[in-house]
1. How do the peptides 410-421, 1543-1554 rank, highest first, by the average count of neighbouring beta carbon atoms within 10 Å per residue?
2. Rounded to the nearest 20 Debye, what is the dipole magnitude of segment 1345-1449 about its Cα centre when Lys and Arg each give +1 and Asp and Glu each give -1 at the C-beta?
3. Considering only the other residues whose Cβ falls under 15 Å of the Cβ of Leu650, what net charge follows from Lys and Arg at +1 and Asp and Glu at -1?
4. Find the centroid of the Cα atoms in segment 1066-1082 and in segment 1126-1171, then give the distance between the two in whole Å.
5. Could you work out Rg/(2.2 N^0.38 Å) for segment 1136-1267, with Rg from alpha carbons only?
6. Looking at this model, which pairs from Lys604/Lys853; Lys394/Lys494; Lys1025/Lys1136; Lys1127/Lys1150 are more than 31 angstrom apart at the alpha-carbon?
7. Net charge around Leu1095, counting only other residues with Cβ within less than 14 Å of its Cβ (Lys, Arg = +1; Asp, Glu = -1)?
8. Sequence gap at least 6, Cα distance under 8 Å: using those rules, report the relative contact order of segment 1483-1538 to the nearest whole percent.
Amino acid sequence: MPPPPKSSEAVSRVNRSMSASSTRAAVTDKEAGNQMFFGQLALYHINISSSGDITQKGYEKKRSKLLAPYIPQIQGVDPSLQIEHRIQASSQAPPPGSKQNKSRTPNARDERFRSDLHTEAVQAALAKYKERKMPMPSKRRSVLVQSSVEACTPPDTSSASEDEGSLRRQGRMASSTPYQAHASVEHWFNRVIQGSSTSSSASSTSSHPGGRPHAAANPTATATALADLMAHTQLDNHSAPPDVTGLSERSLHAERPQVASVRGLPRGYNHTSVMDTADGVPVSSRVSSKIQQLLNTLKRPKRPPLREFFLDDCEELLDVRHPDPNQPKPEGTQMSPLDGESMGGVTNWPPSLLASLQRWGTTQPKSPCLTALDNGGKPVYTLTYGKLWTRSHKLAYTLMNKLSNRNEPLLRPGDRVALVFPNNDPVMFMVAFYGCLLAELVPVPIEVPLTRKDAGSQQIGFLLGSCGVTLALTTDACQKGLPKAQTGEVVTFKGWPRLLWFVTDGKHVVKPPKDWYPSIRDASNEIAYIEYKTSKEGSTMGITVSHAAMLAHCHALTQACGYTEGETITNVLDFKRDAGLWHGVLTSVMNRMHVISIPYSLMKVNPLSWIQKVHSYKARVAVVKSRDMHWSLLAQRDQRDISLSSLRMLIVADGANPWSISSCDAFLNVFQARGLRPEVICPCACSPETMTVAIRRPPETGIPPPGKAVLSMSGLSHSVIRVDTEEKLSVLTVQDVGQVMPGALVCVVRVEGTPYLCQTDEVGEICVSSSTTGISYYGLPGMTKNIFETIPVTASGAPISDRPFTRTSLLGFIGPDDLVFVVGKMDGLMVVSGRRHNADDVVATALAVEPMKFVYRGRIAVFSVSVLHDERIVVVAEQRPDASEEDSFQWMSRVLQAIDSIHQVGVYCLALVPANTLPKAPLGGIHISETKQRFLEGALHPCNVLMCPHTCVTNLPKPRQKQPEVGPASMIVGNLVAGKRIAQACGRDVAQLEDNDQFLYMQDVLQWRAQATPEHPLFMLLNAKGTVASTASCLQLHKRAERVAVALMEKGRLNTGDHVALVYPPGIDLIATFYGCLYAGCVPVTVRPPHPQNLATTLPTVKMIVEVSKSVCILTTQAIMKLLRSKEAAAAVDVKSWPMVLDTDDLPRKKPPQIYKPPTPEMLAYLDFSVSTTGILAGVKMSHAATSALCRSIKLQCELYPSRQIAICLDPYCGLGFALWCLCSVYSGHQSILVPPLELESNVSLWLSAVSQYKVRVTFCSYSVMEMCTKGLGSQTEALRLRNVNLSCVRTCMVVAEERPRITLTQSFSKIFKDLGLSPRAVSTTFGCRVNVAICLQGTAGPDPTTVYVDMRALRHDRVRLVERGSPHSLPLMESGKILPGVKVIIANTETKGPLGDSHLGEVWVSSPHNAAGYYTVYGEEALHADHFCTRLSFGDTQTVWARTGYLGFLRRTELTDASGERHDALYVVGSLDETLELRGMRYHPIDIETSVIRSHKSIAECAVFTWTNLLVVVVELEGSEQEALDLVALVTNVVLEEHYLIVGVVVVVDPGVIPINSRGEKQRMHLRDGFLADQLDPIYVAYNM
């Protein structure tokens, strides 16, 4: 395999092959804007090549596997010629009857989706993209196991679209014309390349390196140069990581020396925000206007009122696509409404349909009405008109007189009744339908519910409920088959009303008395029946049809189809609704016709059955769908002796489907030889609301010949009709659906907004005004008004008629000869960036990509979902059970390319599901709305997913540009002029010295306490049982410390100033040895002991701290000492290199000769080591002065006195936890109840029980402790109450943290334990960091902690904008406690180091006597910044020395007053500066993105995000079955786009517990990132979003 080329070479190579392959398209495509499209394409190509695959190991494995078949390449052949050969080859397909077809697999039925011509167009489109490739998603093997396909799937339960119509694209999609000559090719090269520089795609799109013209893949591997693309995706090790979103200033060389650079976004801007004043006037404007403004702003600025937020401000933020000025626009004149011929002059029309029934039933009782067939095609029963009349007569009598409820008749005239009949029992249905009409009841035919969870069943239930249905009619067999409850009654289906089931078979029906006759009235506007329809969103509506409309529609059909008395008609359609009902149940009775009803189940077994029945019954008319024509084509070779010569009309009910033309043509080609005349085929257009809209008349009526139109797809996407003469790839061929129905007035109106009439060359929605339409949606007056009472208007706004029109939801136009053409349905309409696409068209394109090999029975669903204020196209296909990973991935990438090329639209998500898992519609089609619902809920369980947000999300807000050089001076002046406070605040002054404040050294305080109050208890340690494990009074602690000091001097022979590592479990030993070190003049370093079960990861940290702190001795217990030297430890670290280890378990009782007294308080007291969330080990130096200042501040803030008790549930090794555990009690003299957090693992209620038992007023814990209590005790508050746990004593419970307060956790903690008396005001947080371990602490006296809501979008620009709770994009932030006495805080700009106003987010700087003195050493980042500890403002107060905390935050002056009577300044910490992600020029905090992601699906347990080469990587922990893993990919991508305007680059799904969390409960995102890059996460699934 050749080595990967250097990137520039790869890029130039890409370009050559790109321009060559794009040339043909450019030549054939005269549409404007196409160069733009290719420009985008080029950018698309380059970027992915560089993004490569991530986890190297998995990548290598996959690459070699994929490349194996393709390494031999045809050398030196011009790719254009190869394409041409291939296309010619495919067009010379063998003739239908040839041998090659005989050996086809049983699954040959997929053939119906092929239209060779369309396939060819798709192949030609794919040829353009041949070399492009994408990183393959990686998947854990267990996920690959397919969920089993139901063993006994019928031969076909399929179809491509909701109405079981399978689609095949019609031809005339020409095979491409070969290149004319190379000269012209040269000429296009230049154009294409120049075009590419205009690429507008801001987000990172993708591309392919590799593939010089001669390296084209061999003809068999059509789209499979996956291969050499992958060969080049690997970058050189030295090259910088690819910047996928940044400005890729890579020049592209063509054969000619022209250079076109592809521009994306300017890279990595800095982040000073624009200086705005209160009203957003830029600072540079004149000062006089400023002064005026200052007066205005002195009035306190108010938060914007809530209503402002609910205006959709996406307009100003999102990049709104402006229409392309060159897009085609309609140029025709305004259309004039089209009249159908007048209703015929036959004089003896019956006054109502029931009158016809009575007439035929009494005068022609032997005449056959309906023949039902079994699954073998044998006639089971023929219903005569006499039987139909008598049986429906009986049923009507029974329903009216024999059903009662507590002596009240159950049904009254006009009541609605559900008809639940299976598709193979038309006889019972017909009797029930007419029985209801005779009884003056309103039948509501619905599908038979099979299970409680049928797709859409709940919606049907809603319809029944809203129609007030209480009775369901069904057959005996059907009733037996329905799911039953324990009582033997039929279960109540989900969402259904309670129904009484009545069986209409003979034995349940009563014979009426001789003199009883139903009243047969003339047809009125009363409701006759209700037909259900499912909308695009999945809701089910009932369309009411009046007696008059039902009769008029029968008249119109009789006239249009020329029906005559006694004709025979075969009906393959569902007889319960739509054309099957209109022709096969209603019109047939009017004309005494004989209907041969062919059930769906028979069609599945024998697709030819309907043709055989036409032949054997010499039927004159057949009513079918395109699907039935396809099926019969596939089976027709087995039948020789059938003739279709008797047919005078073959009504194609879904003739309005644009793809029906291909089935009509193919059917005619084959069956013309069997007596089928071309003019017999009559497509019609209908919709549930308007019934039949138009139908092609039978030949004898002397009508103009049928028409065909070859339309440009790109024109159609702009709703413009352009007849495409050039043989282009993207065309749609449609046939007419004949003339308007008799007595109807038809017009075409604009789809959105006011219903203006369309121009003659414009596509719109067809509207009908006629007496034959439905009258309303039952119980939905608002929707009824919109659909059934539309008033079309002319351009001037004048109504075209005083009659209301009904919208048909068909999109089309009126062609020449007044023929109606339909190009799509409203339900399948997807408006993407202002262009319209039809779902059926996209399905057909997807199916043309090797459907045989891959898609299971052609089952593909296409729908759009709304993400970030635009529709996004989603394609879901069922893959064949035997498809391999590579097959599916390759198929997916080819489908994306085909759709991109033919429709010029990007697919947002392409998902593959196992065979037979998509929800089915009643007749086997895919239930689209249910599929969409599952997709959005994350319940689709796909086995493969490819998201392409980069290519199709084009309306992201523009990246933020940095404002040039606003210096700190102008900023501060701007803030002052604008009347904004400089953001600074301070705690109380440190009060005068108290009794022990003359001590500057902790060791002096302990000695003084040991003399003054020797017996006073200082510490009490609890064990897991809640009993006291050990205690220490002042004297005991002093004595133990002395023994340690002696041991250090005598045994250890240590000198003053030596560093000593203390490796102890949390307890009193740790405290005693700490003071022992101070007594001996050594510097203690507390270290968390290694975990015996997890030495491999915990011991190296211990070793590292010991080494970095330069400790010369380790003090520990005997048990840990053994552990440090054990065999297991030797496996993790070099145990020989430990310094001297002393155990302090049994020390002799000796006194040191003297206790060390440091010469100055600036001397080092102890080292505090901690690992930051970014994985850096940092030790800070604490001087004696800082240590006692820290203790004094905490004492004042929390009012700690010797009489107090506080409970501490924290780790005692670093930061504030260490200070509270080891220092504060000694300094202030209060008693500390110590609860080691580790003990909570075996007894969760330990800490709260202790707080309650000892009536503690002040307690401290960590977030991990709070989380354990919330999760572990949430359901046990009752049990705790019974054990007398009472938390009403707690005045303040503080969470010790170095992060943004976790407001949801603290709130749920307060809520859960409110029942135990915990005051909601008690819970608060503290804030400290490395430079100062305690900056804020709630304390006991200050005002309650405040919460504000800020606009998250402003925060990304480092702005603070307060908003109301509940407004969109609001983020709640809780104050991090009160600033400690003696501490001063200011907010500074991270770059200019100037002070900021209080409406800005900046870095928190702190100045206080207890700041740490500096880093001891920082392991892993040596250059870590002396200026963290002593830095000065660049402007303003340049004298004060500050320490930089590394956290972003802001200050707000609140309405509250603090202890000194001043207004209280609250500090809000937003997050660590090191953790922020800089994307699209904005600053994001990982926690915000993670919060959104965790909310997006119930199975996401935890989430962490980080960036990798400017791609956002989201890692989610899946708490659920691995089947759900792929559901998360789309949901995560959607939510991050919607809420943060970011495109997720990689979604990694892992097991629970993979995201590392440190002892403080903070996520270690950098460790996770390292693990991800080193391929150590063992992910369930990794999806690379294209």
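1. 1543-1554, 410-421
2. On the way: 10 positive and 11 negative charges, 52 e Å.
It works out to roughly 240 debye.
3. Details: positive: Lys613, Lys618, Arg620, Lys625, Arg627, Arg648, Arg674, Arg677, Arg696, Arg697; negative: Glu567, Asp628, Asp654, Asp665, Glu679, Glu700.
Net charge around Leu650: +4.
4. Between the Cα centre of segment 1066-1082 and that of segment 1126-1171, the gap is 9 Å.
5. Values: Rg = 17.5 Å, N = 132, 2.2 N^0.38 = 14.1 Å.
Cα-based Rg divided by the globular estimate yields 1.24.
6. Numbers: Lys604/Lys853 22 Å; Lys394/Lys494 33 Å; Lys1025/Lys1136 38 Å; Lys1127/Lys1150 35 Å.
From the list (Lys604/Lys853; Lys394/Lys494; Lys1025/Lys1136; Lys1127/Lys1150), the Cα-Cα distance tops 31 Å for Lys394/Lys494; Lys1025/Lys1136; Lys1127/Lys1150.
7. On the way: positive: Arg1088, Lys1103, Lys1122, Arg1125, Lys1127; negative: Glu1128, Asp1134.
Net charge in that neighbourhood comes out at +3.
8. Values: 56 pairs, mean separation 18.0, N = 56.
That works out to 32 percent.
The values are calculated or read from the model by the stated rules, or taken from the named source; none is laboratory data. In this text, all values refer to a predicted model and were calculated from it rather than measured experimentally. Every residue, glycine among them, receives a Cβ derived from its backbone with ideal geometry; neighbour counts consider all protein chains shown. Accessible surface areas use protein heavy atoms only, side chains included; no ligands, DNA or RNA. Shrake-Rupley method; radii C 1.70, N 1.55, O 1.52, S 1.80 Å.
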